[in-house]
Each structure stands twice: as C-alpha cells, then as structure tokens.
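The values are calculated or read from the model by the stated rules, or taken from the named source; none is laboratory data. As the structure is a computational prediction, the values presented were derived from the model and not from experiment. Ideal geometry is used to build each Cβ from the backbone, glycine not excepted, and the neighbour counts take in all protein chains shown. Please note that ligands, DNA and RNA were not included when accessible areas were found on the heavy atoms of the full protein model with its side chains. Shrake-Rupley method; radii C 1.70, N 1.55, O 1.52, S 1.80 Å.
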Amino acid sequence: MSDNDTNITTDRICKYYHLWENPVDRIKAPLWRQISKTSLVPGPIARMIDRRATRWGREVRALDDISFEVKRGESFGIIGKNGAGKSTLLQVLAGTLTPTSGTARVKGRVAALLELGSAFSLDFTGRENVYIQGAIFGMSKKDIIARFDEVAEFAGIGEFIEYPVKTYSSGMAVRLIFASQILLDPDIFIVDEALAVGDVYFKAKCNRFFEEKLAEGMTLILVTHDLSTVKSMCSRTLLLNEGRLAFLGDSARAVSLFHELHNRTNGAEPDADKLEPFSGTVSLPGGADPRNWDSEDEVGSREAEFVYCEILNAEGNPCRHFTMGEHIFARLYLQARERVDGAHVGFQITDAYNNVVYAISSYHLDHPFKNLEPGHLYTCFIKLGQRLGEGDFLLDVQLRLGDRGDSIAEHIIHRVGSIADIKVRRRGMRPPFLGSADLGAKITWD
C-alpha cells in the first residue's frame, strides 16, 4: 500500500497511566526520584529510592503495542468490551491524547465525534457554537456564514439553533455536533458511539452522508457496540481486548471473536488458530462427509459442535434456490464430545449487506433445552419460514447456553457464521412485496 493510499498509520502505540493509592504518594514519588538524581546521593541508594518510588501506585496500560494502517476511503471499525481501550485509541488518532510511546501518523483533515457534549459550550447558542467550530477549523467568518444554512438544514433542529445548547436534548445536541463537523469537509471522520442517541431518521441521514463521502475518498473510523452496524458498514474491524490488539481483519470474523471474548471469564484473547474441529467419528445419513461448509468463521468452547447442515425445501429435499413464498427449512446435525446440560440452538439470517433480517434461539422461543451426551449424534430441525424477500442471504447458527438478558448468550458452545447460503428469487415479473422480509401487512378502508 503506497503512502498516498494510506490515511492512518500507527506504529506500536502504548498509552499507560500511573494510578496512586493515595494523594500523598503522587507527591512523594517524583520528589524522591528528583532527590535520587542529585550528586549527593550515592548510586546504590539512588537505585533503592527509585525502586521504592516505583512501588507506590501501579501502572495501567490502556493501550499496549497497537499497530495498524487504514487506507483512504476505507470504513474501519473498532470494537471491544467496555474498558478495552477503544476511546483511548480514538483520542490518540484525533490528536487529543499523546501516546506514551509509539507513533500515530494521520494524513488529512480530521473531524471527530468523541464524548457527547465535549465539542460545544453549553451557554452559547447553536449558531454561536457552529461559528466557533468553524473558527477552530481555521475557516473565515465569510466561509462559515456561506455554509451555515447547510449545517442548519442537516441538523434539522429548527429554531432551537438560536437557543443555548444547555436547553437541548442529547439527540438535538448530537445532531448539531455532527452537522457542524461537515463544515470541515473532513478527510477522516471519527465517530465514537455518538450516533447511538440519534433517532432513526437522523441515523439514516448520517448513513447516506457516510456512503456518499466514502465513495469520494473520505475515511471513516467507527466505534460502536452495534455489531450489526459494524458488519454492514465496515470493510475491516479491529478488535481490542484489555488494551491489546486481539484481531484485525474481516468484520464478520471480528464480531464472532468479540462473542468469543464474552465466553471467557479469564480475559484471555480469542485464538482463531487453535479452534480445532471435533475429530471424532461422525456417521451421517447417506454417508455424507461432515462439515459441508466453506466458512472458517467458527468460535466456541466446542464441548459439542455442528457437524453437518442441510437447507431443505417443503418436500424435504436439499435446496439452496427458492422462490418468494416457499417454505425454507434447515436440518442441523450435532455431536458432543462432553456432556452438555441445557443447550439451546439459535440462528441468524443476514442479507448480502450483513444486515440482520431475523435472529432467534430456542431459549427466546421458550422451547425445551437439550442435554447432550458425549459421542451421540443429534438432529435439530429449524423452520426458517416462508417470508424472505428477494435476495441472497446467509445463515449463521449457534449452540449456546442461557442468555445475559440482552439476547447475547451466556456461553457459546459452537457458532458457525455463514454456514449456508440461501437464494430467493421472485416468481414472475411482479414481486408480492419489496424488502428483505414479508411482515404480512394488511391495508383496509373504513
């Protein structure tokens, strides 16, 4: 990749903080170190003082040896659990935080939506804050005035733009903060969860803005807990775990490994290279070969696992091509290597753009769980329904335990992303509906 194609290059970035157990230690440690450097203190004593001062407090590494590149026009995601170092990394990229060691080279104008409300003065009006933002960007008052109507229209907060920002709701504030960033016409746009408080219309407007600007060569850095957005918008994703780079690559794979992190209570990084499939003997009907999928997107503890997947039509015959309105079924074969109590099966259907069309598990359907015995082959039959719209779809499956309360499993036994593809086409020239799924709508007149 040439330098002209690269907007962001980071090289072994580290950021650490020293935490003190009490305020007195914060004063004593540098004072003792200064004393140890004087010529009056013998070397052995100076080294003893340094060791003593180091023991006061503890060092916390928010970022540890982070290196990556982002090319021009790329949509790049950053995900990780709370406290993983995501916001710290964004502040380094935005230039608001200096790394302890390592370098971050950022080429071009940067617009950053980081902490909500940090960009504006609450006592000034929306108009005044827009003028201030433009001045910070180095724009003349004439240029700001020329583009102000564009900013006001994008924000869509009406007469409130003449009111102090402290009277705004969080959604109104983020609308104006986002809109003011377009004054800069940025080469790099950094967004940290700020759009989570926006309404659906504003989010759609922002997504259209991103699509247009990415096509023109703008780079987008996106941090969000909305994993479906990461999969649909980001070409590559960086997964952080306790300040370290756990994975960098395909966004769907990064999301799977993020789920794997939630599986682990010891905080260990997921190891994509050591998830070996079950090597036991599998006797499938008709002598079929196990693992009939090409996907390498697999995570889980693997006390049991999927060994075969069939997509079937209403007659029970293997099929991957359907017409709208046809019934679609999936038959999954599982084998356990250890006893598993309370197992549930879940699945997710995504479209060609990684948007989630539908997802459910037997846990949420209140269907009975299954206790699995080692060495046994089990069959799970799923009715996917008949309401998929025209398009290409992918099926993800998951063997899981419980639920944390937010639809994420307490423990993933085996998850296979893109285990099968499904193609749905219209019958005739006129489709019965438009979109990814039929909601069974009815229109009546009084």
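Here are the numbers for this structure:
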read-out: Packing-based order for 412-419, 241-248, 386-393, using average beta carbon neighbours within 10 Å, highest first; value: 412-419, 241-248, 386-393
read-out: Computed log₁₀ I(q)/I(0) - Debye formula, equal Cα scatterers, no solvent, segment 284-414, q 0.12, 0.13, 0.15, 0.19 Å⁻¹; value: -0.48, -0.56, -0.76, -1.21
read-out: Cα-only radius of gyration and Dmax that characterise segment 338-446, units Å; value: 17.0, 61
read-out: Carbon and sulfur %, accessible surface of segment 195-260 computed with the full protein complex present, 1.4 Å; value: 52 percent
read-out: Accessible area of segment 204-263 divided out per residue, in Å², using a probe of 1.4 angstrom; value: 35 Å²
read-out: In Hz, Karplus ³J(HN,Hα) per residue of segment 121-129 (6.51, -1.76, 1.60; θ = phi - 60°; x = Gly, Pro); value: 8, 5, 7, 8, 6, x, 4, 4, 5
read-out: Whole-number D in µm²/s for segment 127-243 (Stokes-Einstein; Kirkwood sum over Cα pairs; 25 °C, 0.890 mPa s); value: 160 µm²/s
read-out: Ordering of 79-87, 250-258, 130-138, 423-431 by packing [mean C-beta count within 10 Å, highest first]; value: 250-258, 79-87, 130-138, 423-431
read-out: Per residue, in Å², the accessible surface of segment 324-446 once ligands and nucleic acids are set aside, probe 1.4 Å; value: 57 Å²
read-out: Mean shadow area of segment 151-216 over all directions, Cα convex hull, nm²; value: 4.5 nm²
read-out: Centre separation in Å (Cα based) which lies between segment 142-160 and segment 233-253; value: 36 Å
